[in-house]
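Report on one structure; see the data block that follows.
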Amino acid sequence: MLDKTRLIAPDKAGLAEAAALIRAGKLVAFPTETVYGLGADARNDRAVAAIFDAKGRPRFNPLIAHVPDIGAARSLAHFTPTAEALAAAFWPGPLTLVLAQRPGAGLSPLVTADLPTVALRVPAHPLARALLQAVDGPVAAPSANPSGRVSPTRPEHVLEGLTGRIAAVIDGGSCAVGVESTIVGFDGAGRAILLRPGGVSAEAIEAVLGMPLGQGGNAAAPTAPGQLESHYAPAAAVRLQADEPRPGEFRLGFGPGPSDLNLSPSADLVEAAANLFHYLREADRRAGPGATIAVAPIPETGLGRAINDRLRRAAAPRP
Ligand code: TXA
Ligand code: MG
């Protein structure tokens, strides 16, 4: 175990140092436009295994391999015309595509959980892109938080959960999108399936496809996170669709009206997504032990689907 986690400056020397650490098999948390990722060399079994150890993940669910551009993605997986169209529309950005892995792609089987498919993402954050270029190889990265807890959108969130367990964090400030990437897979007939709602809205994807997305996400056969019942859990209890707070509850608002903390006073879903994980942490701190966070209703459209998905996990019965 490491005794100290370094905070690395977001400059040229810092990026070179972070890339060298990853190439040497170490774990480095880095900012993406969605949340901070916990990065390791995706070709190095020991480094990927160390991700599961640092997060305390109960099982080896598959990880997303991050690459700097579509060329690197094509070298790891087979792209169908539909996948090409989605990549052209949304990469770099908060979309992950689950595609058939190429033989000899060289990824650790721990990244794919030995599935024949691989989840690929080209992030848009300039520091993530610079890091991926400097590593010059795929970087496996789940969100940089202990398993089951709220995802990190600031470097201090990463340090809160993982200090002493990882080599370094690149200091990239707050994440602009604030919820994880949308995950799209394909069924046997090549039809696009929504596996996890996220930073790209289903509506935007359907506009590119010219047809509705199939619905994945079956709780009996978890393939994307969040299909785990309890996830993103703060310490406090969480009550959803709370039109009115009950006495003693901490009010997490959305839109106008009284609240202790408001995801977006103007009811802007983009702003609410960006604030979500930080405010869940802040609500936890301010509500105190044994408290309940009462969350205002949030519309089930656009980024609201991703926000509600994360909130349902946060409210789910804890194991
Ligand atoms: O925004 C994001 O996606 C962030 C940032 C760091 O990029 N990453 C992230 O990773 O959310 P993670 O590990 O929390 O979620 C990745 C999920 C896995 O839990 C898994 O269920 C799904 O992607 N996944 C990965 N490979 C898959 C595959 N071959 N088939 C189906 N689902 C897969
Ligand atoms: Mg996660």
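The values are calculated or read from the model by the stated rules, or taken from the named source; none is laboratory data. Since this is a predicted model, take the numbers as computed values, not measurements. Positions of Cβ are backbone-derived with ideal geometry, glycine not excepted, and every protein chain shown enters the neighbour counts. To get the accessible areas, we keep the full protein, side chains included, count just its heavy atoms, and leave off ligands, DNA and RNA. Shrake-Rupley method; radii C 1.70, N 1.55, O 1.52, S 1.80 Å.
Points worth noting:
- Full-extension gain in nm, Ala207 to Leu115, via 0.36 nm per residue minus C-alpha separation: 30.2 nm
- The ellipsoid equivalent to the alpha-carbon distribution of the stretch 87-127 has semi-axes of 22, 11, 8 angstrom, derived from the gyration tensor eigenvalues as √(5λ) and listed largest first.
- Note that the chain presents 41 Å² accessible area per residue, ligands and nucleic acids not counted, probe 1.4 Å.
- Accessible surface of the stretch 237-315, 1.4 Å probe: 52 percent of it comes from carbon and sulfur atoms.
- The modelled label-to-label distance for the pair Ala13/Arg59, using points 7 Å beyond Cα in the direction of Cβ, is 4.6 nm.
- Relative contact order (%) - criterion: Cα under 8 Å, at least six apart; region: the stretch 24-74: 23
- Calculated FRET efficiency for the pair Arg318/Arg285, C-beta based, R₀ 22 Å, to 0.05: 0.75
- DSSP-defined antiparallel bridges as percent of all bridges, the chain, nearest 5: 45
- Estimated dipole of the chain in Debye, rounded to 20 [Cβ of Lys and Arg +1, of Asp and Glu -1, Cα centre]: 720
- Across the chain, C-alpha contacts under 8 Å between residues 6 or more apart give a mean separation that, scaled by the residue count, equals a relative contact order of 20 percent.
- Gyration tensor over the Cα atoms of the chain: the corresponding equivalent ellipsoid has semi-axes (square roots of 5 times the eigenvalues, largest first) of 30, 24, 17 Å.
- For the stretch 1-137, the carbon plus sulfur part of the accessible surface works out to 57%, probe radius 1.4 Å.
- Residue separation of Asp268 and Gln133 scaled by 0.36 nm, minus their Cα-Cα distance, works out to 45.2 nm of gained length.
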